[in-house]
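Here's a structure for you.
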Amino acid sequence: MSETSLSKPVLYRMMRAGDFPRQVPLSPRRVAWVRGEVEAWKRAKQDAREAA
């Protein structure tokens, strides 16, 4: 959430829609995201903004 400034509900909604990388389970109650995938998502958003 700190990398994107998006709330948890928004991130999960975006994951369900296929618009954000899926999390990786670390334990039964903990998840994480692959930093490279999140950075690629952010770059794609920047590229789309610049192309517009």
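In square angstrom, what is the accessible area per residue of the chain with a 1.4 angstrom probe?
83
Then there's this: Tell me the GluC sites (Glu not before Pro) within the chain that lie in a loop according to DSSP and have at most 12 other beta-carbon atoms within 10 Å.
Glu3
Tell me the angle of helix 35-51 to the major Cα principal axis of the chain, expressed in degrees between 0 and 90 and rounded to the nearest ten.
Taking Cα atoms only, the helix is inclined about 20 degrees.
For every other residue with a beta carbon closer than 13 angstrom to the beta carbon of Val24, add +1 if it is Lys or Arg and -1 if Asp or Glu, then tell me the sum.
Surrounding charge for Val24 is +2.
Taking 25 Å as R0, compute the FRET efficiency from the Cβ-Cβ separation of Ala48 and Ser27 and round it to 0.05. Mind showing how you got there, number by number?
On the way: r = 35 Å, r/R0 = 1.38.
It comes to 0.10.
Oh, and also: Whenever you get a sec, line up Leu26, Leu11 from highest to lowest accessible area (probe 1.4 Å, protein heavy atoms).
Heavy-atom accessible area, descending, gives Leu26, Leu11.
Right, here's the next one. Give me the percent of the accessible area of the chain that comes from carbon and sulfur atoms, probe 1.4 Å, all protein chains in place.
The computed percentage sits at 53.
Continuing with the same structure: Over the chain, what is the relative contact order in whole percent, taking alpha-carbon pairs under 8 Å and six or more residues apart?
Working: 25 pairs, mean separation 10.3, N = 52.
Relative contact order comes out at 20 percent.
The values are calculated or read from the model by the stated rules, or taken from the named source; none is laboratory data. Please read these numbers as outputs of a predicted model, since none were measured by experiment. Here the Cβ is made from the backbone with ideal geometry for all residues, glycine too, and neighbour counts use every protein chain on show. Quick note on the areas: whole protein, heavy atoms, side chains included, nothing else; ligands and nucleic acids left out. Shrake-Rupley method; radii C 1.70, N 1.55, O 1.52, S 1.80 Å.
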